[in-house]
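Values in this text are rule-based calculations from the coordinates and carry no lab data. All of these numbers come straight from a predicted model, not from anything done at the bench. Note: ideal-geometry Cβ built from the backbone for every residue, glycine included; neighbour counts use all protein chains shown.
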Amino acid sequence: MNYNKKTVTDIDVKGKKVLLRCDFNVPMAKDGSGKITDDKRIRAALPTIQYLLDQGAAVIACSHMGKPKGEWKPELSLAPVAARLAELLGKEVIMAKDIVGEDAQAKAAALQGGQILLLENLRYDKGETKNNPDFAKALADLAGADGVYVSDAFGTVHRAHASTAGVAAYLPAVSGYLIQKELEIIGGALAAPKRPLVAILGGSKVSSKIGVINNLLEIADTVIIGGGMAYTFSAAKGGKIGDSLLEADWMDYANEMVEKAAAKGVKLLLPVDTVCADAFSPDANTQVVESGMIPDGWQGLDIGPKTVELYCAAVADAGTVIWNGPMGVFEFDKFAVGTKAVAEALSKTEAITIIGGGDSAAAVQQLGYADKMTHISTGGGASLEFMEGKELPGVAALLDK
């Protein structure tokens, strides 16, 4: 896949209308108060928005929120986002009452350079997720004949939706700063990594990571497996895993990965010991056992102390580390030890450290190591598919440099 895409700085936007796809899918308070509980994604969009406004562009921002499935759900309105964005920018954010209807059309037509308009939740229209060409064209038309499309929602580029891919058929399409950074850092780590390249893969399911493991075995020097999926590898080798998580249908694939690593000369590190519990509970009884020796009625919930040592030693002299997925049930303090240790080891290494969104990003932030990492991806699913070597529709749609 070509990562060398035109960015917002490669084109002239002065006096033009810019349709800007952001990721304003922020978490909201459950009490219906319309309060945003974490504005990180809004802040992440500011550099691109500020640049466009400074250049004299008229910005028509759009985003989805939640999964309204084509229905107008007031609790998923982007109005609270417009209010928070206005506070952060220190200027008015005009809010449209619809997406491509009369109100949005009138407000987009009247928009002047240096002003910003926010459309209502894109997923209120079924045409968004279906990548309906009529809906994509109606979105593009808001920017007018000499308008430009800027894509800056990395968390959605793995989906071929109207606002992420479809609009590029009607407007010249470039990336904003956020997507540019993701492409440069993750793309660079995959295409020409500073070696040794160490990939740490955790999380619960082998099935969701098999494509990533397969692709990383082509380019990494060491691949480390942790989390719930390690028990499928253990069972595949004939180990006893008690009541641990098992995807029996994926045992053959696990063995294939072990064989592939050996054939390619890639170090594949699996846990040597495990912390197991007599229940899936924060205050369960625990014991440390060797991998493949989990007693009946017990389940593995974290990597053990010898494994922690092994994994931390592997990242100490790495050139690049990519991490996706926790080492255990980090939501429970008792079983967060492995994940904490890996995060701490990454905070101390001289390597380029890339955290692939999702749970690992949440863990690093929760544990206070976020500022010690080179890059924390803004897209969980997108960064996974990126690491899998898949073409991302929302990136493929952008103009090449």
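Quick grid of which residues meet (1) among the aliphatic types (A, V, I, L, M); (2) buried (at least 19 other Cβ atoms within 10 Å of the Cβ):
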residue	(1), (2)
LEU190	yes, yes
PRO193	no, yes
ALA254	yes, yes
LYS267	no, no
THR274	no, yes
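In region 298-326, how many residues are without any contact (Cβ under 8 Å) to a residue 24 or more places away in the chain and within 15 Å of THR222 (Cα to Cα)?
Residues meeting the conditions: 1.
Let's see how each residue does on (1) of a type outside the set (Lys, Arg); (2) assigned to a strand (DSSP E or B):
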residue	(1), (2)
MET251	yes, no
GLU256	yes, no
LYS260	no, no
ALA263	yes, no
SER281	yes, no
ALA284	yes, no
GLN287	yes, yes
GLY300	yes, yes
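Which helices (runs of 4 or more DSSP H) does region 314-401 wholly contain that include 2 or more residues that are touching a helix residue (DSSP H, G or I) at 6+ places or on another chain (Cβ under 9 Å) and within 13 Å of PHE154 (Cβ to Cβ)?
On the way: elements: 337-348, 358-366, 380-387, 393-396.
Those helices (runs of 4 or more DSSP H) span 358-366, 380-387, 393-396.
So ALA136 passes all but one of these: (1) out of contact with any strand residue (DSSP E or B) (no Cβ under 7 Å at 6 or more places or on another chain); (2) crowded, with 24+ Cβ neighbours inside 10 Å; (3) part of a loop (DSSP other than H, G, I, E, B). Which condition number does it fail?
For ALA136, the failing item is (3).
Look through ALA361, ALA382 and report the one residue that is crowded, with 21+ Cβ neighbours inside 10 Å, touching a Gly at 6+ places or on another chain (Cβ under 9 Å) and free of Cβ contacts under 8 Å to residues at least 24 places away in the same chain.
When all the criteria are applied, what remains is ALA361.
What residue, of VAL342, VAL329, is in contact (Cβ under 8 Å) with a residue 40 or more places away in the chain, more than 22 Å from ALA313 (Cβ to Cβ) and crowded, with 19+ Cβ neighbours inside 10 Å?
VAL329
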